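See below for the structure under consideration.
Coordinate-derived values only; no laboratory data. Everything numeric here is computed off the predicted structure, so don't read it as measured data. Positions of Cβ are backbone-derived with ideal geometry, glycine not excepted, and every protein chain shown enters the neighbour counts.
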Amino acid sequence: MKFCYIDESGIGEEPYAVMVGVITDALRMRPTKSDWEALLSVLSKLAGRTISEFHTRDFYAGNTPWRGLTGQMRAQIIDALIDWINSRKHSLVFVAVDKTRWSSEFMSDSRYADLNTVWRFLGLHLVLSLQKHHQHIPKNKGNTVLIFDNEEKERVRFTDLILNPPAWVDSYYSRTSKQESFDQIVDAPYFADSTDVPLLQIADFLAYFLRRYAELENGDHERYNGERQKVAKWVNKAFARTITKSATYPKRERCDCANLFFEFAPSCLRE
């Protein structure tokens, strides 16, 4: 049984949005949960208050409750967190979208009615990527559980989308006539509060830096000297265990469905 914990970054006013899934199994999941709670205890001591949930945006900017930590200290903690995540040996999957292009070009597409929010666009692409990747794993049929960070506005519509997907997505994973839709996925997706689910906080942490990487690679100003180089180093290290690109952004022989997601992705993340 595999579990994929999924969160996103950039659904607000940011130019790019990214969704990341942390893929694990029951044996690896429990030690990670326990160790993350221990890490939060250490961070609570540094912050001088109880930290029950790690909000990456506030930590990176040095906002409350992290004002007492210097930028150098926060960078060292980020380094340590990425090393710790790598040591867990979880696989990762990510998808992304250029929101400016999406807003200006996708609305005239006939498929827009099925995916009329950025969140839904990312969510469907991530699930399709998991389906395509996992269907080649022996004895994994119906063994992947999806856990998203709580998204009340999307829960009902997205659940219906996964349980009753439109026919145009079938080509993404070369669905056969005898194959059930999303046959690698267990039932409907689940939605949980990230305060109670540590691996959702890890997904948020990774999604934040991947989004920031896309911004910097596409000309956003550095917030401090050397930020572009530092974020690139973190991203390259953190995403060393990403599932094969052929499942997310295939370079060749893309069907119309795969090409849709490819065309709207930031080039620095799809290539």
Relative contact order, percent, segment 140-270 [alpha-carbon distance under 8 Å, six or more residues apart]: 28
May I ask you to derive the relative contact order of the chain, considering only C-alpha pairs under 8 Å and at least 6 residues apart, and to give it as an integer percent? 30
May I ask you to compute the full-extension gain from ASP35 to THR176, defined as 0.36 nm times their residue separation minus their alpha-carbon distance, rounded to one decimal in nm? 46.6 nm
Ratio of the Cα radius of gyration of segment 24-160 to 2.2 N^0.38 Å, where N counts its residues: 1.33
Please give the Cα centre distance for segment 225-241 versus segment 1-33, rounded to the nearest Å. 18
Enter the per residue convex hull volume of segment 172-247, computed from alpha-carbon coordinates, in Å³ rounded to the nearest integer. 148
Footprinting exposure proxy for ILE202, ILE78, ILE11 (fewest neighbouring C-beta atoms within 10 Å first): ILE11, ILE78, ILE202
Of MET29, MET73, MET19, which is the most mobile in a GNM of the chain whose springs link Cα atoms less than 10 angstrom apart? MET73
Under the 0.36 nm per residue contour assumption, what length would be gained going from the current alpha-carbon distance of ARG28 and MET1 to full extension? 8.6 nm
Given the options ILE137, ILE23, ILE162, which has the most mean-square fluctuation in a GNM of the chain, springs set between C-alpha atoms less than 10 angstrom apart? ILE137
Label model pair THR195, GLN229: point-to-point distance (7 angstrom along the Cα→beta-carbon line) in nm is 4.1
As a footprinting exposure proxy, order LEU122, LEU27, LEU216 by other Cβ within 10 Å, with the fewest listed first. LEU27, LEU216, LEU122
FRET E, pair ASP220, ILE11, Förster distance 22 Å, beta-carbon r, rounded to 0.05: 0.80
Between ALA188 and MET107, what is the spin-label point distance in nm, taking each point 7 Å from the Cα along the Cα→C-beta axis? 3.1
Could you list, in their original order, any pairs among LYS132/LYS233; LYS2/LYS45; LYS2/LYS237; LYS33/LYS153; LYS2/LYS251 whose Cα atoms are separated by more than 32 Å? LYS2/LYS45
Here the FRET efficiency for TRP84 versus GLU253, based on Cβ atoms and R0 = 45 Å and rounded to 0.05, is 0.75
To the nearest 10 degrees, the tilt of helix 71-88 (Cα long axis) against the first principal axis of the alpha carbons of the chain is 50
Nearest 0.05, what FRET efficiency do MET73 and ILE137 give at R0 = 51 Å with Cβ-Cβ as r? 0.80
Using a cut-off of 12 Å between beta-carbons, work out the net charge of the residues near PHE3 (Lys and Arg +1, Asp and Glu -1, PHE3 not included). +3
Assuming a viscosity of 1.306 mPa s and a temperature of 10 °C, what translational diffusion coefficient in µm² per second does Stokes-Einstein assign to segment 84-171, Rh being the Kirkwood radius over Cα pairs? 106
Once amide hydrogens are built 1.01 Å from N within the peptide plane, the residues lying 5 or more places from SER91 or on another chain with amide H under 5 Å from its amide H are ILE23
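Could you grab the relative contact order for segment 14-122? Cα pairs under 8 Å, six or more apart, rounded to a whole percent.
Relative CO of segment 14-122 lands at 44 percent.
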